[in-house]
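Reading through the structure tokens given below for one structure.
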Amino acid sequence: MFARRCSRLVASKTAVPLTSYLSRVGRPYSSAASAYENILTETPKPGVGLITLNRPKALNALSSPVFKEINDALSKYEEDKDIGAIIITGSEKAFAAGADIKEMAPLTFSSAFSNNFIAPWSHLANNVRKPVIAAVSGYALGGGCELALMCDIIYCTSKATFGQPEIKLGTIPGGGGSQRLTRAVGKSRAMELILTGKNFSGKEAGEWGVAAKVVDGGKEELLEEAIKTAETIASYSKVAVLAAKEVVNKSQELSLKEGVEYERRIFHALFGTRDQKIGMTAFAEKKKPEWSNE
Ligand code: DAK
């Protein structure tokens with residue numbers, strides 16, 4: 001498997017993202033970076049796929065080519081049976097400073113509508129069933145904040161800078177920010193943030209429930225925490241993990257009654273999996289479960 005994965009990857013011309021924290025997290029399962037132009041992909045630990053946005057000159061602004069690569073990498077990790085969790089991160093300075101303003105500036109309604117401009121943004125939220133962790137250091141503005149909010153879990157540094165500044169550009173959030181940020185922080189706070197365009201810190205993101213963990217350090221410490229969590233998730237039955245993500249996401253769309261019923265149906269369905277038998281038998285026999293992922 002290691003050889004198969006390495007054969008898909010070739011040396012990168014740009015950043016070497018793993019070197020600084022390898023001493024802390026141990027040897028990488030695979031540290032070769034990919035042939036993409038704007039992102040790097042690696043497997044820092046077995047079962048963990050890491051996507052690093054790597055467009056430093058534009059603070060990881062999310063242009064169409066960047067998103068095409070993110071989606072391609074996500075699809076590959078989604079297909080890879082060995083990958084159990086995915087992390088998306090950026091640089092120390094910027095997770096992503098937004099959609100690419102220079103690409104958007106000349107657009108007309110007609111061209112944006114006809115070409116379904118940035119429709120590929122929906123891929124992560126709509127099609128990726130494996131858990132995705134956003135590890136946010138630096139700026140996560142506009143589409144960068146929305147990209148983080150599309151992920152299942154956000155970890156950030158206390159000094160990270162989130163915000164939906166689109167109002168300052170004469171527009172509004174277009175990647176789901178008005179919906180997901182509102183669900184995360186409540187209507188009054190979301191209104192204030194979106195109508196003023198004012199930023200909020202990683203520390204506030206933790207206090208307001210946007211981020212699940214706030215790390216008092218830099219990107220190294222942040223990634224270390226994100227990788228640990230991704231490893232934990234990847235160590236469980238993959239079928240149970242997919243089911244768990246699906247039922248939590250349903251809570252955002254269904255009424256409580258419908259959501260509880262949906263959860264119960266999936267819970268019942270899991271009695272049809274081998275891993276439910278493996279997990280419960282292992283508990284009773286005081287053994288470590290060896291998941292079949294079936
Ligand atoms: N787009 C393009 N280039 C960007 C950029 C961006 N969002 N952010 C930064 N850059 C570029 C800068 O232009 C600069 O390039 P050069 O001038 O060197 O060529 C380089 O990155 C470094 O930036 P600065 O010189 O400005 O760096 P500073 O440290 O001084 O400032 C900053 C950092 C993050 C405060 C500043 O760069 C900034 O304010 N950036 C813009 C932040 C912003 O307004 N973001 C929101 C963009 S609107 C949709 C989905 C999503 C969206 C829309 C629709 N659909 C699915 C329909 C999203 C919209 C947005 O995100």
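Read-outs: derived from the displayed coordinates by stated rules, not from any lab. The structure presented is a predicted model; accordingly, all values stated were derived computationally and were not measured. With ideal geometry, Cβ positions are generated from the backbone for all residues, glycine too; neighbour counts draw on all protein chains shown.
A Cβ distance below 9 Å, combined with a sequence gap of six or more or placement on separate chains, defines the contacts here; from the range 131-150, residues that are under 17 Å from LEU74 (Cα atoms) reach residues that are more than 13 Å from the ligand (Cβ to nearest atom) and of a type in the set (Asp, Glu) in the pairs PRO131/ASP152; VAL132/ASP152; ILE133/ASP152; ALA134/ASP152; ALA135/GLU225. Within the set THR182, THR171, the sole residue that is β-branched (Val, Ile, Thr) and out of contact with any helix residue (DSSP H, G or I) (no Cβ under 7 Å at 6 or more places or on another chain) turns out to be THR171.
Residues in the range 119-143 that are within 11 Å of the ligand (Cβ to nearest atom), small (Gly, Ala, Ser) and closer than 21 Å to ALA226 by Cβ were compared, and the one that is surrounded by the most Cβ atoms within 10 Å (Cβ to Cβ) is ALA140. Can we say ASN71 is surrounded by fewer than 23 Cβ atoms within 10 Å (Cβ to Cβ), closer than 16 Å to LEU124 by Cα and in contact with a helix residue (DSSP H, G or I) (Cβ under 9 Å, 6 or more places away or on another chain)? The answer is yes for ASN71. Quick check on the range 167-222: of everything there that is farther than 20 Å from TYR155 by Cα, basic (Lys, Arg) and more than 16 Å from the ligand (Cβ to nearest atom), which residue is surrounded by the fewest Cβ atoms within 10 Å (Cβ to Cβ)? This residue is LYS187.
For the range 91-100, a tally of residues being within 7 Å of the ligand (Cβ to nearest atom) and within 10 Å of ALA58 (Cα to Cα) returns 4.
Restricting the range 144-160 to residues that are surrounded by fewer than 24 Cβ atoms within 10 Å (Cβ to Cβ) and outside any loop (DSSP other than H, G, I, E, B), the residue that is farthest from the ligand (Cβ to nearest atom) is ILE153.
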